[in-house]
1. Hey, does segment B:42-60 have a residue that's under 22 Å from residue B:153 (Cβ atoms), free of Cβ contacts under 8 Å to residues at least 60 places away in the same chain, in contact with a helix residue (DSSP H, G or I) (Cβ under 9 Å, 6 or more places away or on another chain) and not hydroxyl-bearing (Ser, Thr, Tyr)?
2. Give me a count of the residues in segment A:81-97 that are under 23 Å from residue A:169 (Cβ atoms), facing chain B (nearest Cβ under 9 Å) and among the hydrophobic types (A, V, I, L, M, F, W, C).
3. On the basis of being in contact (Cβ under 8 Å) with a residue 60 or more places away in the chain and within 30 Å of residue A:91 (Cα to Cα), does residue B:139 make the cut?
4. Which of the residues that make up segment A:23-47 are within 14 Å of another protein chain (Cβ to nearest Cβ) and either assigned to a strand (DSSP E or B) or out of contact with any strand residue (DSSP E or B) (no Cβ under 6 Å at 6 or more places or on another chain) (or both)?
5. Take residue A:146 and tell me if it is buried (at least 18 other Cβ atoms within 10 Å of the Cβ), touching a helix residue (DSSP H, G or I) at 6+ places or on another chain (Cβ under 8 Å) and over 23 Å from residue B:193 (Cα atoms).
6. Scan segment B:1-23 residue by residue and report those that are hydrophobic (A, V, I, L, M, F, W, C) and open to solvent by 70 Å² or more (accessible area, probe 1.4 Å).
7. Filter segment A:139-166 down to the residues that are away from chain B (no Cβ under 13 Å) and within 18 Å of the chain's Cα centre (by Cα), then identify the one that is nearest to residue A:75 (Cα to Cα).
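The values are calculated or read from the model by the stated rules, or taken from the named source; none is laboratory data. Computed from a prediction, not measured in an experiment: that's the story for all the values here. Neighbour counts run over all protein chains shown; Cβ positions are idealised from the backbone, glycine included. In case anyone asks, the SASA skips ligands and DNA or RNA and just uses the protein heavy atoms, side chains included. Shrake-Rupley method; radii C 1.70, N 1.55, O 1.52, S 1.80 Å.
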Amino acid sequence: MAEVRIENICKKFGSVLALDDINLTIHDNEFVVLVGPSGSGKSTLLRIIAGLEKQAAGSVTIDGKQMDGIAPKDRDVAMVFQSHALYPHMNVYDNLAFNQRIRGVPRKQVDRKVREVAERLEITELMKRRPRQMSGGQRQRVAIGRALVRDPQIFLFDEPLSNLDAELRVRLRTEIKRLHQELRRTSVYVTHDQVEAMTLADRVVVLRDGRAEQIGDPDELYQRPANVFVAGFIGSPAMNLFPGQASNNTVTIGGSETITLETERSGPVTVGIRPEDLLLERGEARGTFKARVTLIEPMGADTLIFCVAGDSQELSIRVPRYVRVRDGETVALRPREGAVHLFDPESGRRLN
Amino acid sequence: MNGAMVNLYSGLKYGALILWSVFVIAPFLWALSTSFKSDNGVTGGATYIPFLEYEPSLEGWSALFRDTSSGGISMQGPYLSSLVVSLVSSGIALFLGTLAAYGLSRFTFRAGPLGNNDITFFFISQRIMPPAILAIPYFLLLRFTGLLDTHVGLILVYVAMLLPIVVWVMVDFFNTVPIELDEAALIDGCNPIQAFYRIILPNCAPGLVVAALLCIIFSWSDFFFAMTLSFAKVQLLPPTIVILNSNKVPWWSLSASALVSVLPLVIIAFVLERYLARGNLAGVIRE
């Protein structure tokens with residue numbers, strides 16, 4: 001049982017506000033991902049939870065216990081670092097056992113735990129190796145093992161997969177998710193990769209410039225982004241955003257094309273449509289607009305089509321693989337009903 | 001390159017190496033052979049081969065341990081003093097210096113406009129001053145505190161001279177160890193002191209060895225401070241050897257004592273050397 005309450009956390013580095021009034025409750029057994037571009041404060045927040053960094057204001061409460069002045073070692077958290085941070089002068093066994101030994105756990109018990117974890121992660125045959133004698137993936141696996149041996153209340157992950165190659169990243173991602181399903185421990189995971197965030201999280205916190213832009217489950221973030229930033233950050237390729245005019249429940253884009261939408265707003269808006277929500281139609285029809293195909297990227301399962309609408313409005317569309325288009329062709333696009341997002345062009349906030 | 005060129009090249013290469021080796025080793029051989037000579041062997045022209053060219057004698061070596069009253073030079077006292085002073089001062093300097101260096105490497109210090117780098121430079125800048133300038137203030141200071149001509153006084157002065165070296169060497173080493181290791185240790189269950197001694201310091205063993213060697217070499221072979229700050233109660237080895245060089249030079253004893261005085265350095269170098277080449281940190285730093 002471990003609930004993490006983060007209340008009004010602020011943090012300054014010099015004159016830069018790294019975290020600005022963050023409020024977040026991480027429930028017991030929940031897997032929360034902090035995601036954002038570099039400099040968004042996501043690692044800082046994690047480090048504040050770990051006790052490696054002190055907040056300027058606000059409080060962290062773990063399991064109802066206020067964490068102010070409590071050393072990292074006494075918070076019952078384990079952390080996996082981006083650089084794995086294995087102890088270079090110890091072999092794998094000692095790396096895994098160190099945290100138990102320093103806590104005075106009896107030898108036999110340590111040995112049992114270490115072997116158990118090694119088996120689970122399939123690193124038993126690496127026990128005698130030093131970190132420098134292993135590959136990046138093996139090291140990160142040992143680093144995860146070091147956290148598992150602790151059997152902590154809370155797992156903290158600081159971009160653990162960022163230094164690995166693409167294939168390994170996907171494999172370990174799945175493994176981390178499986179581990180969480182089995183162990184059901186409260187986990188906080190920092191990444192700049194929105195795919196990692198979407199695939200791992202029960203709940204995602206999108207951070208930018210030290211502020212939480214949106215907190216929600218992956219579906220919510222994808223379907224109802226709270227603002228332009230989240231809309232652009234979550235999803236790949238990014239959501240298409242273009243200027244429009246709203247009046248009388250219709251939104252006009254590109255001067256002449258109109259989309260009917262229920263909105264009380266009138267005046268300029270930012271229209272957002274995801275690549276898969278732009279439907280391709282041949283010929284002209286009401287409610288469509290034209291665009292010229294400039295680039296086609298077949299991805300296998302589906303195809304990405306990049307085109308230009310009007311003079312210079314760039315768009316991307318995701319279509320099933322059997323849809324054939326030619327480079328330079330002019331296509332008609334219809335936004336999927338109910339999948340159009342409207343944002344305030346000034347504040348960036350969601351309108352519908 | 002053809003065969004003749006290769007031969008010429010390696011001939012030149014080894015020729016140069018042999019020349020240099022002779023240059024380095026010859027003084028030792030000279031000292032070794034001289035230490036077994038007697039008065040006649042030294043003054044009767046240059047001779048090198050014992051038994052053939054001169055009659056070897058143990059006089060030079062036995063004089064080292066004999067009392068001054070019986071014509072010896074009684075080196076045990078200065079030898080022991082030198083060992084104590086150099087080991088203790090090196091130990092203290094290493095202990096304090098690594099802690100200071102770790103602090104400078106891991107924490108941010110501010111003194112007005114000055115930061116960590118300035119403080120580090122301040123440490124080494126103390127060594128810019130020539131010892132001759134420091135000798136008089138140290139002399140006055142030690143006399144004022146009643147520590148002149150004592151082991152403690154010498155140790156204090158040497159610690160002051162050695163600290164900058166340790167700090168300078170170790171800051172660089174600590175900076176190569178990623179701070180994530182400290183943090184991992186803190187989360188794993190260490191307090192900061194344990195993280196330092198159990199995780200960070202072992203990974204800086206090569207730096208520690210370099211610093212230790214520099215300290216011991218300096219404090220063991222320093223002549224200047226030993227000469228000016230001690231004279232009667234405490235005598236260190238280097239001045240003792242040099243004083244032999246007075247009216248009638250006992251070359252044999254001088255040579256023997258010179259050889260004996262480098263012995264600890266050789267032993268320590270051999271012991272510590274195996275800790276030097278350890279590429280433990282490879283693969284820890286982000287790739």
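1. As a first pass, look at segment B:42-60 and keep what is under 22 Å from residue B:153 (Cβ atoms): none.
Looking for residues that are under 22 Å from residue B:153 (Cβ atoms), free of Cβ contacts under 8 Å to residues at least 60 places away in the same chain, in contact with a helix residue (DSSP H, G or I) (Cβ under 9 Å, 6 or more places away or on another chain) and not hydroxyl-bearing (Ser, Thr, Tyr), one finds none in segment B:42-60, hence no.
2. 3
3. Details: in contact (Cβ under 8 Å) with a residue 60 or more places away in the chain: yes; within 30 Å of residue A:91 (Cα to Cα): no.
It is false that residue B:139 is in contact (Cβ under 8 Å) with a residue 60 or more places away in the chain and within 30 Å of residue A:91 (Cα to Cα).
4. The first filter runs over segment A:23-47 and keeps only residues within 14 Å of another protein chain (Cβ to nearest Cβ), leaving A:43-44, A:46-47.
Hit for segment A:23-47 is A:47, nothing else.
5. On the way: buried (at least 18 other Cβ atoms within 10 Å of the Cβ): yes; touching a helix residue (DSSP H, G or I) at 6+ places or on another chain (Cβ under 8 Å): yes; over 23 Å from residue B:193 (Cα atoms): no.
When the stated conditions are applied, residue A:146 does not pass them.
6. Of segment B:1-23, the ones hydrophobic (A, V, I, L, M, F, W, C) are B:1, B:4-6, B:8, B:12, B:16-20, B:22-23.
Those that are hydrophobic (A, V, I, L, M, F, W, C) and open to solvent by 70 Å² or more (accessible area, probe 1.4 Å): B:1, B:4, B:5, B:8, B:12, B:17, B:18, B:19, B:20, B:22, B:23.
7. Checked segment A:139-166; the qualifying residue nearest to residue A:75 (Cα to Cα) is A:161.
Rundown of residues vs (1) within 18 Å of residue A:89 (Cα to Cα); (2) outside the structural domain of residue B:146 (by TED's automatic domain parsing); (3) aromatic (Phe, Trp, Tyr); (4) out of contact with any Ser or Thr (no Cβ under 8 Å at 6 or more places or on another chain), yes/no style:
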position: B:185; (1), (2), (3), (4): yes, no, no, yes
position: B:191; (1), (2), (3), (4): no, no, no, yes
position: B:195; (1), (2), (3), (4): yes, no, no, yes
position: B:205; (1), (2), (3), (4): yes, no, no, yes
position: B:220; (1), (2), (3), (4): no, no, yes, no
